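The values are calculated or read from the model by the stated rules, or taken from the named source; none is laboratory data. From a predicted model like this one, the values you see are computed outputs, not experimental measurements. Counting neighbours? That spans all protein chains shown, and the Cβs are built from the backbone with ideal geometry, glycine included. For accessibility, only protein heavy atoms count, side chains too; no ligands or nucleic acids. Shrake-Rupley method; radii C 1.70, N 1.55, O 1.52, S 1.80 Å.
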Amino acid sequence: MRRNKNDDSQLGMGQPITRRDFVNGMAIAATAALPVAAAFAQVTQPNANLSPAAQDAPGYYPPLLTGLRGSHPGSFEAAHALRDGNTGPAPTDTGETYDLIIVGGGISGLSAAHFYKARTSKRARILILDNHDDFGGHAKRNEYHLERALHLMNGGTLEIDSPRPYSSVATGLLRALGIDVAKLARTTQHLQFYEQRGMRAGVFFDAETFGADKLIVGAGDTPYWQLLDAAPLSARARQQIAQIQREKIDYLPALGSAAKKDRLSRISYEAFLRDLVGAEDSVLRYYHARTMGEWGVGTDAVSALDCWGFGLPGFQGMQLHKGSIRRMGYTPAGYEDTGGSLRLHFPDGNATIARLLVRDLIPHAIPGQGAESVVTARVDYSQLDRSALPIRIRLNSTAIRVEHLGDPSTARQVRVTYLRDGRAFTATARAAVLACYNMMIPYLCPELPVSQQQALHSLVKTPLVYTTVALRDWRAFENLKLHSVYAPGGYHTGFRLNPHVEVGDYRSVSSPQAPILLHMVRTPCRPGLPEHEQNRAGRAELLDTSFETFERNIRSQLNRTLGGGGFDAARDITGITVNRWPHGYAPEYNPLFDADVPEHERPNVLGRAPFGRIVIANSDAGGAAYTDSAIDQAHRAIEELLHKRA
Ligand SMILES: Cc1cc2nc3c(=O)[nH]c(=O)nc-3n(C[C@H](O)[C@H](O)[C@H](O)COP(=O)(O)OP(=O)(O)OC[C@H]3O[C@@H](n4cnc5c(N)ncnc54)[C@H](O)[C@@H]3O)c2cc1C
């Protein structure tokens, strides 16, 4: 975003906000604010071989932390060092033995523990390792207390929502956890809350991309393109947008439906708009970010056919027959064929599912019963890793080696080495589930066959950022009659007020005078490159971007967009959490760049083959960036393990 000259003081860069209450990446609860060493000193050592654990310290409560979260400082350095060939210090044997060690405490790893326990014994001994200071993987929450009221936002995984209905396995797990999706969707979500107040979606045109700053409110209205008369676009560009949105034109009249679909699967949406529709550059720029929330890349890297399946405009006159073809990505194909799953947004997104799984595995850690009560419950992190309990979740622990003790075909044990606080430890188990990012598994398991390593390594994830901004009030939004913004040239390409959800004791705000949380989305990428190269470039950029840069861009973007409503970043912003996910969405098949091979030859399928006593889970293994995929893959992995041992 463009910087004003007087910038930093006008933007409020020096204002005290909740943002920097972490010390060298170590998680200390904002309320407790203990220095790390002091926190350690208060902890009794659970095992003589283990360092005193931060997670056992009184007041340890990562959901309250702000600043750079998601892949927070301290969570990824060990894995990157391993990638760069540093295998860590000589390990200390903890002497611990388990039935199962699970690498990765996301929804998939937690589900794997649930399925293993259900299929074996309530007393099954399971250790779950995760490199973050909190459990849940992407399914984490941001917790703010504003004027003494609890405000929640998803730090990653937004909601139950998938391109296909949940499988019986995933549905069964949700039911077992006490989640009745249909009922809760009906009773807890007030989807029209802002609309009923006369508030609408808007588009912000920025000067750098379109020549002038201009906010247009009413993007959800029909015919909204008439509103674009006020946009900094030429008359021709406005006419083209109107045409794309509403005209029924067949841009490939000589071809039948099947041939059209094949053709559209081989060109990007951007190429479709440019070469078939004849759209000028400013129109391409207007649509460019429309694919970013779903794919993490712009319209240059998503096929036109996938955009048709996802419901983007321009195809209404193309006479394409209903139904997917093989050359379609998982997401658009699923929506096209089935219309998608039920949808449900908890106030903290799918962090509620992660919490319910943890409560199921370690009941002491989270009081209460049922899905409604878990939303406002406080997790007792000191209960997660107790030697007296059969299931343990060890945080801040990066696995760096998973190997069989002996020949993989006959070995009876696996050994896992992990790094915590710069020290290496080992523990053994009868089997291991790798529910972590699949692309790093070759570094963990160099004994895997080379072809499997290559398949795993190719599973490049999509980087993205979900930023949570605490606001003193939302009067500016009310004044502008605005609840959300699409910003095609913005640092964050979209933002919206916290959805109105009321569940259990949790209440959303109703008065514009009250504080609220704002959700912003940024997808770093490098347009013009193949998808995975864009992902890699975006990831590098993300890890290189300081909190200060994020903050300045957030303040500037909100001032420029909302200034007309009286917004003042220096006064109105009270907290910022940047949830950065350099390894975000699981990669899905992209017909523009990926080999057109049958499903069983795709890299996620080749990569997840069981190896001795090691099995592979995570949504990566499903080639689908969804919670149900994370659950289904955990179930498959556990079944493979038990089948093999039977
Ligand atoms: C910003 C964002 C929004 C999303 N929104 C939705 C949504 O609305 N709905 C939906 O269904 N899905 C959504 N997803 C997809 C989401 O990834 C899945 O739903 C699901 O949460 C994935 O769970 P997982 O356990 O497979 O992977 P993860 O959540 O990635 O968990 C894997 C865990 O393993 C850890 N790990 C990796 N390597 C190691 C190691 N060596 N040692 C120890 N631990 C390790 C990781 O750090 C991580 O904590 C979203 C994803 C992102 C990033």
Report task. Just check the range 74-179 against the gyration tensor rule for me: Cα atoms, a ≥ b ≥ c as the square roots of the eigenvalues, rounded for a/c under 1.5, and otherwise prolate or oblate depending on whether a/b exceeds b/c. Result -> oblate
Query raised in the report: In the range 611-646, which trypsin sites (Lys or Arg not before Pro) fall in coil by DSSP and have 15 or fewer other Cβ atoms within 10 Å?
Result: none
Query raised in the report: Ordered by packing density, taken as the mean number of other Cβ atoms within 10 Å over each peptide's residues, highest first, how do 615-626, 101-112, 371-382 rank?
Result: 101-112, 615-626, 371-382
Report task. Please tell me the relative contact order of the range 565-646 in percent, rounded to the nearest whole number, where contacts are Cα pairs under 8 Å and at least six residues apart. Result -> 24
Query raised in the report: How much accessible area per residue does the range 73-169 have, in Å², with a 1.4 Å probe?
Result: 38
**Report entry** Length released on extending from ARG246 to ARG148, taking residue separation times 0.36 nm less the Cα-Cα span
**Finding:** 30.5 nm
Requested in this report: Would you calculate, for the chain, the mean residue ellipticity at 222 nm contributed by helices, counting each DSSP H stretch of 4 or more residues as -39,500 (n - 2.57) and dividing by all residues, to the nearest 500?
Outcome: -8500 deg cm²/dmol
Report summary line: Rounded to the nearest 5, the percent of antiparallel DSSP beta bridges in the chain equals 65
Report task. Just need the relative contact order of the range 164-323 here, percent rounded to a whole number, with Cα pairs under 8 Å and 6+ apart. Result -> 19
Query raised in the report: Rounded to the nearest whole Å², what accessible area per residue is found for the range 265-398 with the 1.4 Å probe?
Result: 32
Query raised in the report: Going 7 Å from the Cα of ARG423 in the Cα-to-Cβ direction, what parts of the range 86-103 have a backbone nitrogen less than 15 Å from that spot?
Result: 89-96
Query raised in the report: Which whole-number value in Å² is the accessible area per residue of the range 407-562, probe 1.4 Å?
Result: 33
Query - For the range 117-165 and the range 402-439, distance of Cα centres in Å - result: 24
Query - Which of THR428, THR549 is most accessible, then next, and so on - probe 1.4 Å - result: THR549, THR428
Query raised in the report: Cα gyration tensor of the chain, axes a ≥ b ≥ c as square roots of the eigenvalues: rounded (a/c below 1.5), prolate (a/b > b/c) or oblate?
Result: oblate
Report summary line: For the chain, the percent of accessible surface on carbon and sulfur atoms (probe 1.4 angstrom, ligands and nucleic acids excluded) is 50
Query raised in the report: Lysine pairs in the chain 8 or more apart or on different chains: how many have alpha carbons under 21 angstrom apart?
Result: 10
Query raised in the report: Expressed as a rounded percentage, what relative contact order does the chain have, with Cα pairs under 8 Å and six or more residues apart?
Result: 22
Query raised in the report: Using alpha-carbon positions, what is the distance between the centroids of the range 172-198 and the range 228-260, in Å?
Result: 36
Requested in this report: Using only Cα atoms, find the angle between the long axis of helix 531-544 and the longest principal axis of the chain, and express it within 0 to 90 degrees, rounded to the nearest 10.
Outcome: 70
Query raised in the report: If the label point is 7 Å along Cα→Cβ of ALA212, which residues in the range 228-268 have backbone nitrogen under 16 Å from it?
Result: 228-238
Requested in this report: Indicate the gyration tensor shape class of the range 590-635 (rounded, prolate or oblate), computed on the Cα atoms with a ≥ b ≥ c the square roots of the eigenvalues: a/c under 1.5 is rounded; otherwise a/b larger than b/c is prolate and the rest oblate.
Outcome: oblate
